[in-house]
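The values are calculated or read from the model by the stated rules, or taken from the named source; none is laboratory data. Owing to the predicted nature of the structure, the values given are computational and were not obtained by experimental measurement. In this analysis, Cβ positions are derived from the backbone assuming ideal geometry, glycine residues included, and neighbour counts consider all displayed protein chains.
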């Protein structure tokens, strides 16, 4: 599972509002579109857990790729679904329980579980995790750290709706296309992407649909008779791509990075 090796940052999902990412949870519940930044003390890697959290009282949960997506940045390499996914990559989940300002979280990354403890301050969640006995091959151990062990911290914050137009070049299977993606988020995190492509084969306007998952675009559709499944990470601050308001795009089926799009609005 991704966070085993990097800062096990698994998808946390809590309650969503009826329209997009908006909504402020009460102090007793955690809900909405969250991004969790998980940092490993052992590997130095960073895992981004994007989750649409749904709450029922003090209990919060989310499961599946339309609610939880995980990206790990380890030694300048990106890993879709984690650097050490479990037996079912992409089938992530999160279960959380609040008790006043205290929060207990179990991250499930493709079948690999990671427990964490934290504090809820307003809508921000901060905490720590630790794990031992993991079979992840990246956790080779070190001075004072047994093989299969990892520990670190995480910070989770609510994020706004995904929207805007992003343009640049994408390396698709049939060549490099000039692409312009216009994102519109509707109710219950439903995401529509109108893609204008110009390239050696793809020339026209195509509609992709799917979900906004935190800061992740997770969509698919037919382009010239072939199914295209994309995952795009919206880096609002440029902390990971080096460009503010940029969209780092991956072919979800191959987990290959295919381009970086800039916000043009």
Problem - Yes/no for residue 181 being within 18 Å of residue 169 (Cβ to Cβ), part of a strand (DSSP E or B), modelled with pLDDT of 95 or more and not assigned by TED's automatic domain parsing to the domain that holds residue 62 - result: yes
Completion exercise
When segment 203-220 is checked residue by residue, the ones that are over 16 Å from the mean Cα position of the chain (by Cα) and either at positive phi or modelled with pLDDT under 95 (or both) are 203, 204
Exercise for the section: Consider residue 174 carefully, then state whether it is under 19 Å from residue 257 (Cα atoms) and either without any contact (Cβ under 8 Å) to a residue 60 or more places away in the chain or surrounded by 14 or more Cβ atoms within 10 Å (Cβ to Cβ) (or both). Expected result: yes
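Per-residue answers, yes or no, for (1) over 22 Å from residue 35 (Cβ atoms); (2) surrounded by 15 or more Cβ atoms within 10 Å (Cβ to Cβ); (3) in contact with a helix residue (DSSP H, G or I) (Cβ under 6 Å, 6 or more places away or on another chain):
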site: 165; (1), (2), (3): no, yes, no
site: 203; (1), (2), (3): yes, no, no
site: 207; (1), (2), (3): yes, no, no
site: 213; (1), (2), (3): no, yes, no
site: 219; (1), (2), (3): no, yes, no
site: 228; (1), (2), (3): yes, yes, no
Exercise for the section: Check whether at least one residue in segment 81-98 is without any contact (Cβ under 8 Å) to a residue 60 or more places away in the chain, farther than 14 Å from residue 48 by Cα and in contact with a strand residue (DSSP E or B) (Cβ under 7 Å, 6 or more places away or on another chain), and report yes or no. Expected result: yes
Exercise for the section: Name the residue, out of 170, 120, 114, that is closer than 30 Å to residue 194 by Cβ and assigned to a strand (DSSP E or B). Expected result: 170
